[in-house]
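Written below as structure tokens is the structure these notes are about.
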Amino acid sequence: MERINLYRRKKQVLKLSSFLVLLAALISPVIAVRFTTEFYKQSVMNSLRSQHSYVLQKYQITLKTSQLKDQLNNIITRNQSLYTQSKRLQDRIDVLETHLTSYENGSNHIKELLNLWGNKSDDWMMLSQISLDNQLILTFFELYTPEKESRAERIFQKLAELGYKVSKIVDYDTSMSFLSMRLTKITLQGGR
């Protein structure tokens, strides 16, 4: 036979053991989530330390879970400063490369001219003016024998070979009868 309680106003009493079981059932998921997140956080920190140990040592960064937000902001600011510094260095490198390229392109014709100028000959040449800004201007005096081709003519041809559009202006041309030579003042000017 079953016992039935027909008393209406009877209060239900919760036993201490039932209370503790319910309390453990409610607290255990919270503790499990907390433990899992801490474990995951520590494993990620250890992974970062092992993968980026060189960077952490170089910039004296110590990873701590309690100050992670401050450390992240510190890393972001250092990264931005390194980026601006690398951009500034790259700009300097670009300027130097263009300077070296323009110097190399600009000095090739000077080398060619000096090779023509330095040939051993009885002729004499004296440079009066040279300008290499946007336009090449070359003024010189030449003392040469009329039977041979003058070096001014060879320089004019060499500049044309190098891609210059050069005009030749003879300022004066006189005969030096006592030396049987001619003296000329020539200006070559033009550009690429």
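Can you spot a residue in region 163-176 that is surrounded by 15 or more Cβ atoms within 10 Å (Cβ to Cβ) and under 18 Å from N115 (Cα atoms)? Yes, the conditions are met somewhere in region 163-176. Of all residues in region 44-96, those that are of a type in the set (S, T, Y), modelled with pLDDT under 80 and surrounded by 10 or more Cβ atoms within 10 Å (Cβ to Cβ) total 2. Looking at G106, G191, just one residue is at pLDDT below 75 and not charged (D, E, K, R), and that residue is G106. Filtering region 133-183 to residues that are without any contact (Cβ under 8 Å) to a residue 24 or more places away in the chain and of a type in the set (V, I, T) leaves I169, V170, T174. Does S175 satisfy the condition of being of a type in the set (S, T, N, Q) and on the phi > 0 side of the Ramachandran plot? It is false that S175 is of a type in the set (S, T, N, Q) and on the phi > 0 side of the Ramachandran plot.
The values are calculated or read from the model by the stated rules, or taken from the named source; none is laboratory data. Keep in mind that this is a model prediction, so the values were computed, not measured. Virtual Cβ from ideal backbone geometry, glycine too; neighbours counted across all protein chains shown.
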